[in-house]
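A.B. asks: Quick one: the structure is below, questions incoming.
The values are calculated or read from the model by the stated rules, or taken from the named source; none is laboratory data. Since we're looking at a predicted model, the values are computed, not measured. Neighbour counts run over all protein chains shown; Cβ positions are idealised from the backbone, glycine included. Quick note on the areas: whole protein, heavy atoms, side chains included, nothing else; ligands and nucleic acids left out. Shrake-Rupley method; radii C 1.70, N 1.55, O 1.52, S 1.80 Å.
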Amino acid sequence: MSPFTSSKIRLTSRPEGKPTPEDFSIDQVAHGELEPGQVRVSNEFISVDPYMRGRMNAGRSYVKPYGLGETITGGAVGRVVQSAADDLPEGTAVLHQHGWTDAVQDDASTFQAVPELDGLPLSLYLGLLGMPGLTAYVGLTRVAELRPGDSLFVSGAAGAVGTAVGQIARQLGAARLIGSAGSAEKVSLLKDKYGFDVALNYRDAPIREQLVRALEHEGVDVFYDNVGGDHLEAALEVMNDFGRLALCGAISSYNATERPAGPDNMGNMVTRRLRMQGFIVAEVASEHPEVTEEFRERMTGWLSAGDVTAEETVVEGLEHTVDAFVDMMRGGNTGKMVVRVG
Ligand SMILES: NC(=O)c1ccc[n+]([C@@H]2O[C@H](COP(=O)([O-])OP(=O)(O)OC[C@H]3O[C@@H](n4cnc5c(N)ncnc54)[C@H](OP(=O)(O)O)[C@@H]3O)[C@@H](O)[C@H]2O)c1
């Protein structure tokens, strides 16, 4: 068989604050002969995700830190180009967690075959049909327990999880959608394309002031938080009695070098009898074994009926992966940021 090589992006130093290209290297790796049970996969898209920033730190988290010199692992989709495994023949589309590399050789068991999507790119398995979409779905259905008629505020509304939250919430019968994002273009997109009733640019003025003013005397029943800090404080100000807050992420603090101040209005949790719960998608999915299949079925149906659309920002070339990651962390993406490789 022909020699098989791949390029892999590794973490070489732990970022202080914002990651820089100097924190990473890109190396060529030559793979050995294909062994029985193994496959070779050429990647089409790789994912850059906020949780990867946490894994670049040494401290305790819910996933173990990347080791120095280790390839950045995470979601990727590709196609089997050579196979020594009966269950994954050449040409099969696969989803896997081998991360920031253009190609992989490994045991077939480390890859999951995925159905081809009629007229749609495989990148959807990294976004709307993948982990971010599932995160939106479990957060709304199993954590916030969204009910028809609820009004919902989602922070980070124009990102991968955020665009999925808005669209899924509508499908589940949310009556009113309020979202925040970091640019005028994103705010227009939320209103014009995704039908948000209220969309706010948190860079224009403090989000708490804007939200209170925009809602006047109407509150929200569900807050889906991707941002934390000032956005959580803003939501606590406008929650209706018995509202539910699903804490999905706190991206405003991921690159912080000092601890941000906490919300100053936690007393509202008591007076309004609120329920706030943080969650990790994989844990909720294992506590609710039916939810992943339920999500896939419903999302595929909504997609094929044209009820939801996949918002993506595609960066070209493995060599631009680090730039794409840094750019996503400061808002350079709309919807899911992926890197096209190969
Ligand atoms: N709990 C879980 O299991 C789970 C799973 C997946 C993701 N998450 C979390 O969900 C959140 C969204 O993830 P994603 O993959 O969908 O990323 P994303 O929203 O597509 O991209 C990150 C976005 O964060 C926003 N942002 C960056 N700094 C900010 C700040 N200081 N204040 C407000 N917004 C800021 C930027 O948008 P703007 O232009 O709007 O600023 C950027 O586009 C993250 O917090 C992530 O950690 C959690």
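A.B. asks: Find the lysine pairs in the chain meeting two conditions, Cα atoms under 25 Å apart and a separation of 8 or more places or different chains, and report how many there are.
C.D. replies: Step by step, the pairs that qualify in the chain add up to 10.
A.B. asks: What is the Cα convex hull volume of the chain when expressed per residue in Å³?
C.D. replies: On the way: hull volume 46.9 nm³, N = 342.
In the chain, the Cα convex hull volume per residue is 137 Å³.
A.B. asks: If contacts are Cα pairs under 8 angstrom and at least 6 residues apart, what is the relative contact order of the chain in percent? Intermediate values should be presented prior to the final figure.
C.D. replies: Working: 738 pairs, mean separation 58.5, N = 342.
Contact order relative to length: 17 percent.
A.B. asks: Dimensions of the stretch 131-283 along principal axes (Cα, Å, largest first)?
C.D. replies: 36, 35, 33
A.B. asks: A follow-up question, please. Of Ile72, Leu140, Pro115, which is farthest along the charge dipole of the chain in the positive direction, counting Lys and Arg as +1 and Asp and Glu as -1 at C-beta?
C.D. replies: The listed residue farthest towards the positive side: Leu140.
A.B. asks: Next up: Could you pull out every residue, at least 5 positions away or on a different chain, whose amide H is within less than 5 Å of the one on Asn240? Hs are placed 1.01 Å off N in the peptide plane, and Pro or chain starts have none.
C.D. replies: Val220, Asp221
A.B. asks: Which percent of the accessible area of the chain is formed by carbon and sulfur heavy atoms (probe 1.4 angstrom)?
C.D. replies: Values: 7630 of 15230 Å².
In the chain, the share of accessible area belonging to carbon and sulfur is 50 percent.
A.B. asks: For the stretch 74-89, just list the computed ³J(HN,Hα) in residue order, Karplus coefficients 6.51, -1.76 and 1.60, θ = phi - 60°, integers in Hz, with x standing in for Gly and Pro.
C.D. replies: Per residue, the Karplus-derived 3J(HN,Hα) values read x, x, 7, 10, x, 9, 5, 9, 8, 9, 10, 9, 4, 7, 10, x Hz.
A.B. asks: Name the residues whose placed amide hydrogens come within less than 5 Å of the amide hydrogen of Phe196, ignoring near sequence neighbours (fewer than 5 apart) on the same chain.
C.D. replies: The list, which skips near neighbours in sequence, is Lys191.
A.B. asks: Near the amide H of Ala85, under 5 Å away, which other amide H atoms are found, from residues 5 or more places off or on another chain, if H is placed in the peptide plane?
C.D. replies: For Ala85, the qualifying residues are Gly37.
A.B. asks: Rounded to the nearest 500, what is the 222 nm mean residue ellipticity of the chain from helices alone, with -39500 (n - 2.57) per DSSP H run of 4+ residues and division by all residues? Walk me through the numbers before you get to the answer.
C.D. replies: On the way: 10 runs with 88 residues, N = 342.
Rounded to the nearest 500, the figure is -7000 deg cm²/dmol.
A.B. asks: Using unit Cβ charges (K, R positive; D, E negative) and no other charged atoms, how large, in debye to the nearest 20, is the dipole of the chain about its Cα centre?
C.D. replies: Numbers: 30 positive and 47 negative charges, 173 e Å.
Dipole about the Cα centre, nearest 20: 840 debye.
A.B. asks: Using DSSP to call loops (not H, G, I, E or B), can you name the trypsin sites (Lys or Arg not before Pro) in the stretch 175-257 whose Cβ has at most 16 other Cβ atoms within 10 angstrom?
C.D. replies: Sites meeting the loop and neighbour criteria: Lys193, Arg203.
A.B. asks: Restricting to Cα pairs below 8 Å that are 6+ residues apart, what does the relative contact order work out to for the stretch 106-170? Please round to a whole percent.
C.D. replies: Numbers: 41 pairs, mean separation 20.4, N = 65.
It rounds to 31 percent for the stretch 106-170.
A.B. asks: How much accessible area per residue does the stretch 175-310 have, counting only protein heavy atoms and a probe of 1.4 Å, in square angstrom?
C.D. replies: Numbers: 7020 Å² over 136 residues.
Heavy-atom SASA per residue in the stretch 175-310 reads 52 Å².
A.B. asks: Mind putting a number on the dipole of the stretch 131-283 about its Cα centre? Charges go on the C-beta only, +1 for Lys and Arg and -1 for Asp and Glu, and I need it in Debye to the nearest 20.
C.D. replies: Numbers: 15 positive and 18 negative charges, 68 e Å.
Taking the Cα centre of the stretch 131-283 as origin, the dipole is about 320 debye.
A.B. asks: Additional query: Kyte-Doolittle cut-off -0.5, length cut-off 15 Å along the helix's own axis using Cα: show which whole DSSP H helices in the chain pass.
C.D. replies: Numbers: long enough: 160-171 (17 Å, 0.44); 291-305 (21 Å, -0.57).
Those that pass (Cα extent of 15 Å or more, hydropathy at least -0.5) are 160-171.
A.B. asks: Separate question: What list of ³J(HN,Hα) couplings, whole Hz, do you get for the stretch 39-53 from phi and the Karplus terms 6.51, -1.76, 1.60, once you set θ to phi - 60° and write x for glycine and proline?
C.D. replies: Here the 3J(HN,Hα) series is 9, 10, 10, 9, 6, 9, 9, 10, 9, 10, 10, x, 4, 5, 4 Hz.
A.B. asks: Could you tell me the accessible area of Tyr202 in Å² (1.4 Å probe, neighbours in place), rounded to the nearest ten?
C.D. replies: Solvent-accessible area, nearest 10 Å²: 80 Å².
A.B. asks: Can you give me the Kirkwood hydrodynamic radius for the stretch 291-342, using every pair of distinct Cα atoms, in Å to one decimal?
C.D. replies: Numbers: mean 1/r = 0.0788 Å⁻¹.
Over the stretch 291-342, the inverse of the mean reciprocal pair distance is 12.7 Å.
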